[in-house]
Amino acid sequence: MRKAWLLLLLLLSLSCAQYSGVIMKSCSGWRLNRLPLVKKFIREDSEFYNLEIIYEGGDPRLIFIDETGKEAETVNVSDLDQKGIKKVLEDHGFYPTH
Ligand SMILES: *[C@@H]1O[C@H](CO)[C@@H](O)[C@H](O)[C@H]1NC(C)=O
């Protein structure tokens, strides 16, 4: 019985775990130009989320960092528009800072 409670508490705390950071990794240049909606987010919105953007190639993606500094979750945002990318950030607990 006691064990079951401990397990429940553990599950609850895991499901409420907050990410401690988020970064975006993306392609740049002509490839990014072909994703105008993502580019618009980067240009107009990313600063409000203090989002660091690393242009290292690959599909534009948000990478959520857990409290140990590990890249815990990646979300491919190449198909999303500004609103969609903001929703992904906010669903993961990141809101505009100003
Ligand atoms: C990201 O999404 C795009 C569009 O749906 C897709 O073409 C691409 O393969 C995806 N990238 C990864 C790494 O899953």
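No lab work stands behind these numbers, since they all come straight from the coordinates. Keep in mind that this is a model prediction, so the values were computed, not measured. Note that each Cβ is placed from the backbone with ideal geometry, even for glycine, and that neighbours are counted across all protein chains shown.
For the reader, a short list of remarks on this structure follows.
- With Cα atoms, 0 to 90° folded angle of helix 82-91 axis to the chain main axis: 20 degrees
- Label-reachable residues, segment 60-87, where backbone N falls under 13 Å from a point 7 Å from residue 46's Cα toward its Cβ: 60-63, 77-78
- Restriction of the trypsin sites (Lys or Arg not before Pro) in segment 57-98 to DSSP coil positions whose beta-carbon has at most 10 other beta-carbons within 10 angstrom yields 70.
- Overall, the anisotropy analysis places segment 42-98 in the rounded class: the square-rooted eigenvalues a ≥ b ≥ c of its C-alpha gyration tensor yield a/c less than 1.5.
- Take every pair of alpha-carbon atoms less than 8 Å apart whose residues are at least six positions apart; their mean separation over the length of the chain yields a relative contact order of 32 percent.
- Computed over the chain, the alpha-carbon pair-distance distribution with 5 angstrom bins reads 3, 13, 21, 22, 14, 9, 6, 5, 4, 2, 1, 0, each value a whole percent.
- Helix 2-15 and the longest principal axis of the C-alpha atoms of the chain enclose an angle of approximately 10°.
- DSSP beta bridge pairing in the chain, given as percent antiparallel to the nearest 5: 70 percent
- Taking amide H positions as modeled 1.01 Å from N, with prolines and chain starts lacking one, the residues under 5 Å from residue 21 and 5 or more places away or on another chain are 65.
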